[in-house]
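Every number in this text was worked out from the coordinates using simple rules, so none of it is lab data. Worth saying up front: this structure is predicted, and the values here are computed from it rather than measured. Reconstructed Cβ throughout: ideal geometry from the backbone, glycine too, with neighbour counts over all protein chains shown.
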Amino acid sequence: MILPIVAYGDPVLRKKGAEITKDYPELKELIDNMWETMYESNGVGLAAPQIGKSINLFVIDATPMQDPNYGEFKKVFINVEIIEEFGEKWEYEEGCLSIPNVRDNVKRYSDLVIRYMDENFVEHEEEISGMPARVIQHEFDHIKGVLFVDHLSELKKRLIKSKLINISKGNVDVDYRMRFPSTR
Ligand code: NI
């Protein structure tokens, strides 16, 4: 089932996602729906707060970004902790399904060590670099209530301010299902 993606301005995007247990209700269905929603909107990652659930869960399929070092990179991440970020910071133009039609360069570390559970609640600790590491940092930010636009300079924040206000009011041209915060 395709779920509506929560738009910029909704308070759920600013909440810290809680850890979950294996008994979390209808977890498998939730993950399936997140995949379907992500692919429908042509995203490479989707975090649970973006579909209105304030929990520590995200899905990533960075395969289309064609990092030759990785090839396929499709994973479910639950109860994520980033143990360490290191390497050189590099810049890349990011976007976010919750902030349609806004893209800008963000600097992030090239490498990280992550601990997480997969969809079967098996724990993993991995070192990841390149594009998948970037997408993980973007999605993990969502779990912390942080959005990519928070990383921009004050000048750039001022430049996109009216776009963000328009998104929060639902005044945006988007070809996937979204849920906009109340405009009251
Ligand atoms: Ni995002």
Along region 39-55, Karplus-curve 3J(HN,Hα) (6.51, -1.76, 1.60; θ = phi - 60°) to the nearest Hz, with x for Gly and Pro, reads 5, 4, 9, 6, x, 9, x, 8, 9, 3, x, 6, 10, x, 10, 8, 10
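Quick check on the exposure proxy: order 142, 151, 124 from fewest to most C-beta atoms within 10 angstrom. Could the numbers behind the result be given before it?
On the way: 142 23, 151 18, 124 11.
Fewest-to-most ranking of 142, 151, 124: 124, 151, 142.
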Simple SL model, points at 7 angstrom along Cα→Cβ for residue 122 and residue 165; separation in nm is 5.1 nm
Amide H proximity to residue 178 below 5 Å, modelled H, separation 5+ or other chain, gives 5
Extension length gain for residue 83 and residue 175 (0.36 nm per residue less Cα distance), in nm, is 29.5 nm
